[in-house]
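> Input: one structure, supplied below.
The values are calculated or read from the model by the stated rules, or taken from the named source; none is laboratory data. Everything quoted here is computed from the prediction, not taken from an experiment. Ideal geometry is used to build each Cβ from the backbone, glycine not excepted, and the neighbour counts take in all protein chains shown. Accessible surface is based on the protein model in full, side chains and every heavy atom, while ligands, DNA and RNA are left aside. Shrake-Rupley method; radii C 1.70, N 1.55, O 1.52, S 1.80 Å.
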Amino acid sequence: MVQLSRLFLRKYGNFVDNLRLYVRGGSGGMGLPRLGGQGGKGGDVWVVANKNMTLKRFKDKHPQKRFVSGAGANSSVRALKGETGKDKEISAPIGITVTADDGKILGELNVEGDRLMVAKGGAGGTLHTAFEPSRGQAKHIRLDLKLIADMGLVGFPNAGKSSLLTALSNATPEIASYAFTTLKPEIGKVLYEDYKQISVADLPGLIEGAHLNKGMGHKFLKHMERTKHLLFVVDVCGFQLASKTAYRSAFDAVQLLTKELELYKEELVSKPALLVVNKMDLPDAEDKLAELKEQLQSPQEFFDLFPEDAIPKNCITFRHVVPVSATTGLGVDHLKRCIRESLDEEAERENKAIHEERLRALRNQ
Ligand SMILES: Nc1nc2c(ncn2[C@@H]2O[C@H](COP(=O)(O)OP(=O)(O)O)[C@@H](O)[C@H]2O)c(=O)[nH]1
Ligand SMILES: [Mg+2]
(Lines give C-alpha, C1' and ligand atoms only; values in the text may rest on other atoms or scores of the structure.)
(Ligands and ions follow the chains in the order given, each with its own letter.)
Protein backbone atom coordinates (compact mmCIF):
# COMPACT_ATOMS: atom_id res chain seq x y z
CA MET A 1 0.00 0.00 0.00
CA VAL A 2 2.79 2.36 0.93
CA GLN A 3 4.56 1.31 -2.22
CA LEU A 4 1.52 1.93 -4.32
CA SER A 5 0.92 5.39 -3.03
CA ARG A 6 4.44 6.33 -4.01
CA LEU A 7 3.73 5.36 -7.56
CA PHE A 8 0.46 6.94 -8.41
CA LEU A 9 -0.23 10.37 -9.73
CA ARG A 10 2.37 12.63 -8.29
CA LYS A 11 1.39 15.72 -10.14
CA TYR A 12 1.87 19.40 -9.41
CA GLY A 13 0.05 21.64 -11.83
CA ASN A 14 1.81 21.19 -15.13
CA PHE A 15 4.72 19.37 -13.67
CA VAL A 16 5.02 15.77 -14.81
CA ASP A 17 7.05 13.26 -12.86
CA ASN A 18 5.34 10.03 -13.80
CA LEU A 19 3.43 8.60 -16.73
CA ARG A 20 1.26 5.56 -17.33
CA LEU A 21 1.58 3.77 -20.67
CA TYR A 22 -0.03 0.87 -22.44
CA VAL A 23 2.39 -1.58 -24.03
CA ARG A 24 1.73 -4.70 -26.05
CA GLY A 25 4.09 -7.12 -27.72
CA GLY A 26 3.31 -8.13 -31.29
CA SER A 27 1.33 -11.32 -31.91
CA GLY A 28 3.11 -14.34 -33.30
CA GLY A 29 2.54 -15.43 -36.90
CA MET A 30 0.50 -18.49 -37.82
CA GLY A 31 2.25 -21.72 -38.57
CA LEU A 32 1.60 -23.69 -41.76
CA PRO A 33 0.27 -27.15 -40.86
CA ARG A 34 0.51 -28.55 -44.35
CA LEU A 35 4.28 -28.04 -44.54
CA GLY A 36 5.16 -27.84 -40.83
CA GLY A 37 5.99 -24.13 -41.22
CA GLN A 38 6.69 -22.01 -38.16
CA GLY A 39 5.11 -18.56 -37.65
CA GLY A 40 7.36 -15.61 -36.85
CA LYS A 41 7.70 -14.43 -33.24
CA GLY A 42 6.03 -11.11 -32.44
CA GLY A 43 8.31 -8.11 -31.75
CA ASP A 44 9.09 -7.01 -28.17
CA VAL A 45 8.53 -3.58 -26.62
CA TRP A 46 11.59 -1.94 -25.01
CA VAL A 47 12.08 1.19 -23.00
CA VAL A 48 15.43 2.82 -23.78
CA ALA A 49 17.09 5.66 -21.86
CA ASN A 50 17.80 8.73 -23.97
CA LYS A 51 19.42 11.85 -22.58
CA ASN A 52 17.36 14.18 -24.74
CA MET A 53 14.04 12.89 -23.46
CA THR A 54 12.00 14.29 -20.59
CA LEU A 55 8.63 13.07 -19.32
CA LYS A 56 6.99 16.28 -20.49
CA ARG A 57 8.44 15.88 -23.98
CA PHE A 58 7.39 12.24 -23.93
CA LYS A 59 3.84 13.18 -23.08
CA ASP A 60 3.70 15.77 -25.85
CA LYS A 61 5.20 13.40 -28.40
CA HIS A 62 2.97 10.42 -27.55
CA PRO A 63 -0.39 11.76 -26.41
CA GLN A 64 -1.92 8.29 -26.84
CA LYS A 65 0.73 6.64 -24.68
CA ARG A 66 0.16 3.33 -26.51
CA PHE A 67 2.99 1.22 -27.86
CA VAL A 68 2.58 -1.97 -29.84
CA SER A 69 5.40 -3.82 -31.57
CA GLY A 70 5.14 -5.57 -34.91
CA ALA A 71 3.39 -8.90 -35.44
CA GLY A 72 5.34 -11.94 -36.58
CA ALA A 73 4.71 -12.96 -40.18
CA ASN A 74 2.67 -16.04 -40.98
CA SER A 75 4.49 -19.00 -42.31
CA SER A 76 4.00 -19.34 -46.05
CA VAL A 77 5.11 -21.59 -48.84
CA ARG A 78 7.66 -18.94 -49.85
CA ALA A 79 8.97 -18.41 -46.32
CA LEU A 80 8.28 -21.42 -44.19
CA LYS A 81 9.82 -19.74 -41.20
CA GLY A 82 7.80 -16.57 -40.78
CA GLU A 83 9.74 -13.37 -40.22
CA THR A 84 10.08 -11.98 -36.70
CA GLY A 85 7.96 -8.90 -35.89
CA LYS A 86 9.69 -5.55 -35.49
CA ASP A 87 10.64 -4.52 -31.94
CA LYS A 88 9.28 -1.24 -30.63
CA GLU A 89 11.76 1.00 -28.82
CA ILE A 90 10.39 3.75 -26.61
CA SER A 91 12.78 6.61 -25.82
CA ALA A 92 12.50 7.51 -22.14
CA PRO A 93 14.40 9.91 -19.86
CA ILE A 94 17.46 8.84 -17.88
CA GLY A 95 16.84 8.27 -14.18
CA ILE A 96 13.47 6.55 -14.16
CA THR A 97 12.00 3.51 -12.47
CA VAL A 98 9.70 1.38 -14.59
CA THR A 99 6.91 -0.34 -12.66
CA ALA A 100 4.01 -2.61 -13.46
CA ASP A 101 0.51 -1.43 -12.62
CA ASP A 102 0.49 -3.44 -9.40
CA GLY A 103 3.54 -1.55 -8.15
CA LYS A 104 6.09 -4.25 -8.92
CA ILE A 105 9.38 -2.76 -10.09
CA LEU A 106 10.32 -3.99 -13.54
CA GLY A 107 13.63 -2.19 -13.72
CA GLU A 108 15.50 1.10 -13.79
CA LEU A 109 17.08 3.21 -16.48
CA ASN A 110 20.09 4.99 -15.03
CA VAL A 111 22.46 5.75 -17.87
CA GLU A 112 22.17 6.59 -21.54
CA GLY A 113 21.30 3.51 -23.56
CA ASP A 114 20.01 1.40 -20.65
CA ARG A 115 17.20 -0.80 -21.98
CA LEU A 116 14.43 -2.81 -20.48
CA MET A 117 11.98 -5.16 -22.15
CA VAL A 118 8.48 -4.31 -20.98
CA ALA A 119 6.28 -6.50 -23.18
CA LYS A 120 7.29 -9.70 -24.89
CA GLY A 121 6.04 -10.60 -28.33
CA GLY A 122 3.95 -13.74 -28.77
CA ALA A 123 5.43 -16.98 -30.08
CA GLY A 124 4.74 -18.04 -33.64
CA GLY A 125 2.60 -21.13 -34.27
CA THR A 126 4.46 -24.43 -34.43
CA LEU A 127 3.73 -28.08 -34.43
CA HIS A 128 3.58 -27.93 -30.60
CA THR A 129 0.79 -25.40 -30.60
CA ALA A 130 -1.14 -26.94 -33.46
CA PHE A 131 0.31 -24.07 -35.52
CA GLU A 132 -1.67 -21.52 -33.52
CA PRO A 133 0.33 -18.40 -32.63
CA SER A 134 0.15 -16.70 -29.23
CA ARG A 135 -0.54 -13.11 -28.41
CA GLY A 136 2.06 -10.71 -27.10
CA GLN A 137 2.06 -9.57 -23.47
CA ALA A 138 -0.19 -6.59 -22.89
CA LYS A 139 -0.06 -4.34 -19.81
CA HIS A 140 0.05 -0.91 -18.34
CA ILE A 141 3.36 0.30 -17.03
CA ARG A 142 4.50 3.45 -15.26
CA LEU A 143 7.56 5.56 -15.79
CA ASP A 144 8.51 7.25 -12.53
CA LEU A 145 11.12 9.97 -12.29
CA LYS A 146 13.53 9.01 -9.52
CA LEU A 147 13.67 11.57 -6.78
CA ILE A 148 16.83 12.97 -5.29
CA ALA A 149 15.03 14.23 -2.20
CA ASP A 150 11.72 15.42 -0.77
CA MET A 151 12.94 19.02 -0.59
CA GLY A 152 15.38 20.86 -2.82
CA LEU A 153 17.15 24.00 -1.64
CA VAL A 154 17.02 26.95 -4.02
CA GLY A 155 19.07 30.03 -3.22
CA PHE A 156 21.85 32.37 -4.25
CA PRO A 157 25.36 31.82 -2.91
CA ASN A 158 25.78 32.82 0.74
CA ALA A 159 22.07 32.74 1.52
CA GLY A 160 22.94 30.06 4.07
CA LYS A 161 21.83 26.84 2.32
CA SER A 162 24.71 24.73 3.63
CA SER A 163 24.32 26.12 7.14
CA LEU A 164 20.59 25.48 7.03
CA LEU A 165 21.01 21.92 5.82
CA THR A 166 23.33 21.24 8.75
CA ALA A 167 20.97 22.92 11.22
CA LEU A 168 18.00 20.91 9.91
CA SER A 169 19.69 17.55 9.87
CA ASN A 170 21.55 17.81 13.18
CA ALA A 171 24.51 16.23 11.47
CA THR A 172 26.83 16.47 8.55
CA PRO A 173 24.82 15.92 5.40
CA GLU A 174 25.97 13.05 3.25
CA ILE A 175 27.08 13.32 -0.33
CA ALA A 176 24.80 11.12 -2.38
CA SER A 177 25.78 9.51 -5.61
CA TYR A 178 23.18 8.84 -8.28
CA ALA A 179 23.86 6.97 -11.46
CA PHE A 180 21.66 9.30 -13.44
CA THR A 181 23.37 12.55 -12.52
CA THR A 182 26.97 13.72 -12.53
CA LEU A 183 26.03 16.24 -9.84
CA LYS A 184 26.63 15.04 -6.32
CA PRO A 185 23.91 16.53 -4.16
CA GLU A 186 24.38 16.88 -0.42
CA ILE A 187 21.50 15.18 1.33
CA GLY A 188 20.44 15.99 4.88
CA LYS A 189 17.98 13.73 6.67
CA VAL A 190 15.48 15.44 8.91
CA LEU A 191 14.22 13.16 11.65
CA TYR A 192 10.84 13.59 13.38
CA GLU A 193 9.63 12.37 16.75
CA ASP A 194 7.38 9.78 15.11
CA TYR A 195 10.49 8.45 13.33
CA LYS A 196 9.37 9.77 10.00
CA GLN A 197 12.36 10.90 8.03
CA ILE A 198 12.47 13.32 5.13
CA SER A 199 15.39 14.31 2.93
CA VAL A 200 16.62 17.75 1.88
CA ALA A 201 19.03 18.21 -1.03
CA ASP A 202 21.53 20.97 -1.56
CA LEU A 203 22.79 20.82 -5.11
CA PRO A 204 26.25 22.25 -5.54
CA GLY A 205 26.41 25.15 -7.92
CA LEU A 206 22.70 25.56 -8.23
CA ILE A 207 21.95 29.10 -9.39
CA GLU A 208 25.60 30.10 -8.99
CA GLY A 209 26.46 31.58 -12.35
CA ALA A 210 22.92 31.26 -13.64
CA HIS A 211 22.70 35.06 -13.85
CA LEU A 212 25.94 35.18 -15.87
CA ASN A 213 25.50 32.10 -17.96
CA LYS A 214 21.95 30.94 -18.13
CA GLY A 215 22.81 27.78 -20.00
CA MET A 216 25.07 26.67 -17.22
CA GLY A 217 22.60 27.62 -14.53
CA HIS A 218 20.00 25.59 -16.31
CA LYS A 219 22.15 22.53 -16.14
CA PHE A 220 21.91 22.70 -12.37
CA LEU A 221 18.27 23.62 -12.35
CA LYS A 222 17.50 20.43 -14.20
CA HIS A 223 17.92 18.52 -10.97
CA MET A 224 15.26 20.53 -9.22
CA GLU A 225 12.80 18.47 -11.24
CA ARG A 226 13.76 15.55 -9.06
CA THR A 227 12.61 16.94 -5.75
CA LYS A 228 9.03 16.95 -4.48
CA HIS A 229 8.99 20.44 -3.03
CA LEU A 230 11.17 23.52 -3.32
CA LEU A 231 12.70 25.23 -0.32
CA PHE A 232 13.74 28.77 -1.24
CA VAL A 233 16.41 30.28 1.00
CA VAL A 234 17.11 34.02 1.09
CA ASP A 235 19.22 36.24 3.30
CA VAL A 236 16.85 38.63 5.09
CA CYS A 237 19.30 41.44 4.35
CA GLY A 238 19.44 40.63 0.66
CA PHE A 239 22.66 40.13 -1.23
CA GLN A 240 25.27 41.56 -3.52
CA LEU A 241 26.92 39.11 -5.87
CA ALA A 242 30.02 41.27 -6.41
CA SER A 243 31.16 44.70 -5.31
CA LYS A 244 30.38 46.02 -8.79
CA THR A 245 26.85 44.66 -9.05
CA ALA A 246 23.71 46.14 -7.59
CA TYR A 247 22.46 45.43 -4.10
CA ARG A 248 19.38 43.19 -4.08
CA SER A 249 16.81 42.88 -1.36
CA ALA A 250 15.37 39.59 -0.12
CA PHE A 251 12.28 40.29 -2.25
CA ASP A 252 14.49 40.74 -5.34
CA ALA A 253 16.19 37.45 -4.53
CA VAL A 254 12.86 35.60 -4.38
CA GLN A 255 11.77 36.99 -7.74
CA LEU A 256 15.13 36.42 -9.45
CA LEU A 257 15.18 32.84 -8.25
CA THR A 258 11.62 32.35 -9.48
CA LYS A 259 12.61 33.80 -12.85
CA GLU A 260 15.58 31.43 -13.11
CA LEU A 261 13.34 28.43 -12.48
CA GLU A 262 10.76 29.71 -14.91
CA LEU A 263 13.32 30.29 -17.65
CA TYR A 264 14.49 26.75 -17.28
CA LYS A 265 11.06 25.19 -17.12
CA GLU A 266 7.82 26.93 -16.39
CA GLU A 267 6.22 23.87 -14.81
CA LEU A 268 8.88 23.88 -12.13
CA VAL A 269 7.34 27.00 -10.61
CA SER A 270 4.09 25.12 -10.02
CA LYS A 271 5.74 22.81 -7.49
CA PRO A 272 4.83 23.34 -3.85
CA ALA A 273 7.31 25.81 -2.37
CA LEU A 274 8.28 27.17 1.04
CA LEU A 275 10.34 30.27 1.71
CA VAL A 276 13.02 30.37 4.39
CA VAL A 277 14.11 33.85 5.42
CA ASN A 278 17.53 33.27 6.93
CA LYS A 279 19.94 35.28 9.13
CA MET A 280 17.23 36.60 11.43
CA ASP A 281 19.96 37.19 14.03
CA LEU A 282 21.28 40.18 12.06
CA PRO A 283 20.38 43.76 13.10
CA ASP A 284 17.10 45.17 11.70
CA ALA A 285 16.08 41.68 10.56
CA GLU A 286 12.53 42.02 11.96
CA ASP A 287 11.87 45.24 10.03
CA LYS A 288 13.23 43.73 6.85
CA LEU A 289 11.12 40.60 7.31
CA ALA A 290 7.99 42.73 7.75
CA GLU A 291 8.85 44.60 4.56
CA LEU A 292 9.42 41.36 2.65
CA LYS A 293 6.10 39.92 3.81
CA GLU A 294 4.31 43.05 2.69
CA GLN A 295 5.99 42.89 -0.71
CA LEU A 296 5.07 39.24 -1.12
CA GLN A 297 1.43 40.10 -0.45
CA SER A 298 1.24 42.20 -3.62
CA PRO A 299 4.40 41.63 -5.63
CA GLN A 300 3.12 43.40 -8.74
CA GLU A 301 3.33 46.75 -6.94
CA PHE A 302 7.03 46.32 -6.31
CA PHE A 303 8.28 45.53 -9.79
CA ASP A 304 8.84 49.15 -10.98
CA LEU A 305 12.61 48.87 -10.68
CA PHE A 306 12.81 45.46 -12.33
CA PRO A 307 13.88 45.12 -15.94
CA GLU A 308 11.00 43.72 -17.98
CA ASP A 309 12.72 40.40 -18.64
CA ALA A 310 13.45 39.80 -14.96
CA ILE A 311 9.81 39.80 -13.87
CA PRO A 312 8.41 36.29 -13.40
CA LYS A 313 5.21 35.49 -15.26
CA ASN A 314 3.74 34.02 -12.10
CA CYS A 315 4.91 34.85 -8.63
CA ILE A 316 5.08 31.88 -6.30
CA THR A 317 2.59 31.68 -3.49
CA PHE A 318 4.62 30.12 -0.71
CA ARG A 319 2.90 27.63 1.53
CA HIS A 320 4.90 28.98 4.44
CA VAL A 321 7.24 31.91 4.93
CA VAL A 322 9.52 30.94 7.79
CA PRO A 323 12.07 33.22 9.47
CA VAL A 324 15.10 31.37 10.87
CA SER A 325 18.68 31.76 11.86
CA ALA A 326 20.71 28.82 10.69
CA THR A 327 23.56 29.81 13.00
CA THR A 328 21.61 30.33 16.25
CA GLY A 329 18.97 27.71 15.48
CA LEU A 330 16.14 30.21 15.93
CA GLY A 331 13.00 29.07 14.08
CA VAL A 332 14.53 25.84 12.81
CA ASP A 333 12.06 23.63 14.71
CA HIS A 334 9.17 25.62 13.34
CA LEU A 335 10.61 25.20 9.86
CA LYS A 336 10.78 21.44 10.38
CA ARG A 337 7.09 21.39 11.27
CA CYS A 338 6.19 23.48 8.23
CA ILE A 339 8.14 21.17 5.93
CA ARG A 340 6.39 18.16 7.38
CA GLU A 341 2.98 19.76 7.11
CA SER A 342 3.52 20.61 3.47
CA LEU A 343 4.72 17.11 2.54
CA ASP A 344 1.92 15.44 4.49
CA GLU A 345 -0.63 17.62 2.77
CA GLU A 346 0.71 16.58 -0.60
CA ALA A 347 0.72 12.90 0.38
CA GLU A 348 -2.91 13.28 1.39
CA ARG A 349 -3.71 14.67 -2.04
CA GLU A 350 -1.89 11.81 -3.71
CA ASN A 351 -3.87 9.27 -1.72
CA LYS A 352 -7.08 10.95 -2.72
CA ALA A 353 -6.03 10.88 -6.35
CA ILE A 354 -5.22 7.15 -6.12
CA HIS A 355 -8.59 6.50 -4.61
CA GLU A 356 -10.33 8.42 -7.37
CA GLU A 357 -8.34 6.68 -10.07
CA ARG A 358 -9.32 3.30 -8.63
CA LEU A 359 -12.98 4.28 -8.47
CA ARG A 360 -12.85 5.44 -12.07
CA ALA A 361 -11.22 2.18 -13.15
CA LEU A 362 -13.89 0.17 -11.31
CA ARG A 363 -16.70 2.13 -12.90
CA ASN A 364 -15.24 1.58 -16.35
CA GLN A 365 -15.04 -2.18 -15.94
N1 LIG B 1 24.56 35.88 10.80
C2 LIG B 1 24.26 34.75 10.13
N3 LIG B 1 25.11 34.25 9.23
C4 LIG B 1 24.77 33.10 8.59
C5 LIG B 1 23.57 32.42 8.86
N6 LIG B 1 23.53 31.32 8.06
C7 LIG B 1 24.65 31.33 7.34
N8 LIG B 1 25.43 32.39 7.65
C9 LIG B 1 26.72 32.74 7.07
O10 LIG B 1 26.57 33.06 5.71
C11 LIG B 1 27.66 32.59 4.95
C12 LIG B 1 27.20 31.67 3.86
O13 LIG B 1 26.62 30.52 4.44
P14 LIG B 1 26.49 29.14 3.62
O15 LIG B 1 25.71 28.23 4.49
O16 LIG B 1 27.82 28.69 3.18
O17 LIG B 1 25.64 29.63 2.37
P18 LIG B 1 25.36 28.89 0.96
O19 LIG B 1 26.34 29.46 -0.01
O20 LIG B 1 23.99 29.28 0.61
O21 LIG B 1 25.53 27.44 1.18
C22 LIG B 1 28.60 31.90 5.94
O23 LIG B 1 29.59 32.81 6.32
C24 LIG B 1 27.68 31.58 7.11
O25 LIG B 1 28.39 31.54 8.32
C26 LIG B 1 22.69 32.97 9.85
O27 LIG B 1 21.61 32.46 10.15
N28 LIG B 1 23.09 34.14 10.44
MG1 LIG C 1 26.73 26.08 0.15
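> Hey, which aspartates and glutamates would be in cross-link range of Lys59, C-alpha to C-alpha under 17 Å, not counting anything within fewer than 8 residues on its own chain?
Answer for Lys59, where 17 Å is the Cα cut-off: Asp17, Glu89, Asp144, Glu225, Glu266, Glu267, listed by chain and number.
> Mind telling me which of Ala130, Ala310, Ala242 comes out most flexible in a GNM of the chain, alpha-carbon contacts under 10 Å?
Of Ala130, Ala310, Ala242, the Gaussian network model singles out Ala242 as fluctuating most.
> Can you give me the % of accessible surface on the stretch 149-351 that is carbon or sulfur? Probe 1.4 Å, all protein chains present, nothing else counted. Don't skip to the end; give the middle numbers.
Working: 4750 of 9660 Å².
Looking at the stretch 149-351 in its full context, I get 49 percent from C and S.
> If you don't mind, there's one more thing I want to ask. For Asn170 and Glu89 in one chain, what is 0.36 nm times their gap in residues minus the Cα-Cα distance, to one decimal in nm?
Taking Asn170 through Glu89 to full extension adds about 24.5 nm, to one decimal.
> While we're looking at this one, here's another question. Give me the percent relative contact order of the stretch 280-365, please, defined on Cα pairs under 8 angstrom at least 6 residues apart.
23 percent
> What is the gain in length, in nm to one decimal, between Asp194 and Glu345 on full extension, counting 0.36 nm per residue of separation less the C-alpha to C-alpha distance?
On the way: separation 151, 0.36 × 151 = 54.36 nm, distance 1.67 nm.
My answer for the length gained is 52.7 nm.
> Now for a different question. So which residue, out of Glu348, Glu301, Glu89, gets the largest mean-square fluctuation from a GNM of the chain using Cα contacts under 10 Å as springs?
Maximum fluctuation in the GNM of the chain, among the listed residues, is at Glu301.
> Which one, Gly152, Gly36, Gly124, has the greatest fluctuation when you compute a Gaussian network model over the chain with C-alpha springs under 10 angstrom?
Answer for the Gaussian network model of the chain: Gly36.
> With r defined as the distance between the Cβ atoms of Gln240 and Ser298 and R0 fixed at 25 Å, what FRET efficiency is calculated, to the nearest 0.05?
0.45
> How much mean residue ellipticity at 222 nm does the chain get from its helices, if each DSSP H run of length 4 or more adds -39500 (n - 2.57) and you divide by all residues, to the nearest 500 deg cm²/dmol?
My calculation for the chain gives -8000 deg cm²/dmol from helical runs alone.
> With a 1.4 Å probe and all protein chains left in place, how much accessible area per residue does the chain have, in Å²?
51 Å²
> Within the stretch 168-201, list the GluC sites (Glu not before Pro) lying in a DSSP loop whose Cβ has at most 14 other Cβ atoms in a 10 Å radius. Spell out each step's value before the answer.
On the way: sites: Glu174, Glu186, Glu193; in loops: Glu193.
Those that pass, being in a loop and sparsely packed, are Glu193.
> Here's another thing I want to ask about it. Could you grab the relative contact order for the chain? Cα pairs under 8 Å, six or more apart, rounded to a whole percent.
It comes to 15 percent, rounded to a whole number.
> Radius of gyration and Dmax for the chain's Cα atoms, expressed in Å?
In Å, with Rg to one decimal and Dmax whole: 25.9, 94.
> If the cut-off is 15 Å between C-alpha atoms, which aspartates and glutamates fall inside it for Lys336, apart from same-chain ones fewer than 8 positions away?
Partners found: Asp150, Glu193, Asp194, Asp344, Glu345.
> Would you mind classifying the stretch 274-360 by shape? Square roots of the alpha carbon gyration tensor eigenvalues, ordered a ≥ b ≥ c; an a/c under 1.5 is rounded, otherwise it is prolate if a/b is larger than b/c and oblate if not.
Judged from the Cα gyration tensor, the stretch 274-360 comes out oblate (a/c at least 1.5, b/c at or above a/b).
> Expressed as a rounded percentage, what relative contact order does the stretch 149-351 have, with Cα pairs under 8 Å and six or more residues apart?
21 percent
> Return the aspartates and glutamates within reach of Lys41: Cα separation strictly under 15 angstrom, same-chain partners fewer than 8 residues apart disregarded; answer none if there are no such residues.
Glu83, Asp87, Glu132
> How large is the charge dipole for the chain, taken about the Cα centre, if only the Cβ atoms of Lys, Arg (+1) and Asp, Glu (-1) carry charge, to the nearest 20 debye? Kindly include the intermediate steps, with their values, before the conclusion.
Working: 52 positive and 46 negative charges, 490 e Å.
Rounded to the nearest 20 debye, it is 2360 debye.
> May I ask which of Lys88/Lys352; Lys161/Lys244; Lys228/Lys279 have a Cα-Cα span longer than 30 Å here? Working shown, then result.
Details: Lys88/Lys352 35 Å; Lys161/Lys244 24 Å; Lys228/Lys279 25 Å.
Cα-Cα > 30 Å for Lys88/Lys352; rest within.
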